[in-house]
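Here's the structure, in structure tokens; my notes come after.
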Amino acid sequence: MLLTRKAEFSASHVCANPALTPVQNHALYGANANPNGHGHNFVLEVTIEGDPDPVTGMVFDLRELKEIINQEVVDPMDHRFLNYEVPPFDRVVPTTENIAIEIWNRLQGRLTASPARLKNVRLFETADLYVDYGGEA
Amino acid sequence: MRLSRRYRFAASHRLNTDALTAEENAALYGKCNNPFGHGHDYVVDVTVEGPVDASGQVVDRQALDWLVREHVLARLDHRNLNCDVPELRGQVATTENLASTVAAMLTVRWDLPARLARVRISETTRNTFELETELETK
């Protein structure tokens, strides 16, 4: 069974590679390369897969999941400038894809004790753009 | 990794098949068989799949947007699906057939490194049609 928990955080970012020129960055990332940054209301959907526990009837304790998401994602990223305040985005370009991978890695490290497993991280940058990441290479 | 992007277009259509009588069409398609047609604000989600490249992206958003706008939206927005879209001639303009048509329009022109994975079209907020594309694009 799949269980999905939603969270939101608002953050600013710049998508630009310091090794490239401003012209090259603009060609690659468009308006996202504006050096002063811009922001989004990111919406995160974390999906866990597992069998409901025979005693509790739950795939995963939602209260615990909420706490893990808050500690690993919302607290460190909400109302922050990702490039300046949230490693590894001082050296990794914070595209939607790379933010989703970082969130996956952070959550994965907290779910190893449970028989349920992290199935998917869906990250909306806007209502019209989202990525799905399932831990694949 | 999959990346999905949402687009919108407005179009009219009428559901009717020459294989059935006027009465049978009216019974089968109901209001959608109105001879003068009717319209919807369609919402299209295009999903691409592939590895994250050195730029940190599955796909160049500007290239994807251009492809969809040029080869799908420009041909469907503010059009009559029964009359104005050659790919749909001879087919009933259901959203099932429209989803296949949009997937084909994209596949024929696809020149992006990521694979076209899925086309999902909502005719209204209540009716949604989704097609996983098997075809390996470039």
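Every read-out reported here was derived from the displayed coordinates using simple, explicitly stated rules and does not represent laboratory data. This one's a predicted model, so the numbers in the text were calculated from it and none came from an experiment. As a convention, Cβ positions derive from the backbone with ideal geometry for all residues, glycine included, and neighbour counts pool all protein chains shown.
Looking at (1) within 13 Å of residue B:9 (Cα to Cα); (2) away from chain A (no Cβ under 14 Å); (3) surrounded by 14 or more Cβ atoms within 10 Å (Cβ to Cβ), which is the only condition residue B:69 fails?
In the conditions (1) within 13 Å of residue B:9 (Cα to Cα); (2) away from chain A (no Cβ under 14 Å); (3) surrounded by 14 or more Cβ atoms within 10 Å (Cβ to Cβ), residue B:69 misses (2) alone.
Keeping to region A:9-32, report how many residues are surrounded by fewer than 17 Cβ atoms within 10 Å (Cβ to Cβ), touching a residue at least 40 places away in the same chain (Cβ under 8 Å) and outside any loop (DSSP other than H, G, I, E, B).
So the count comes out to 1.
Identify, please: which residue in region B:2-41 is in contact with an Asp or Glu (Cβ under 6 Å, 6 or more places away or on another chain) and surrounded by 17 or more Cβ atoms within 10 Å (Cβ to Cβ) and is, among those, farthest from the other protein chains (Cβ to nearest Cβ)?
B:40
All but one of (1) more than 10 Å from chain B (Cβ to nearest Cβ); (2) part of a loop (DSSP other than H, G, I, E, B) hold for residue A:102, so report the exception by its number.
Here residue A:102 clears every test but (2).
Take region A:125-137 and flag every residue that is in a strand (DSSP E or B) and facing another protein chain (nearest Cβ under 9 Å).
Scanning region A:125-137 gives A:126, A:129, A:130, A:131, A:132, A:133.
If the requirement is being more than 19 Å from residue B:55 (Cα to Cα), surrounded by 14 or more Cβ atoms within 10 Å (Cβ to Cβ) and small (Gly, Ala, Ser), which of these qualifies: A:100, A:116?
A:116
Being without any contact (Cβ under 8 Å) to a residue 40 or more places away in the chain, within 14 Å of chain B (Cβ to nearest Cβ), surrounded by 14 or more Cβ atoms within 10 Å (Cβ to Cβ) and closer than 21 Å to residue A:126 by Cβ, is that true of even one residue in region A:33-47?
yes
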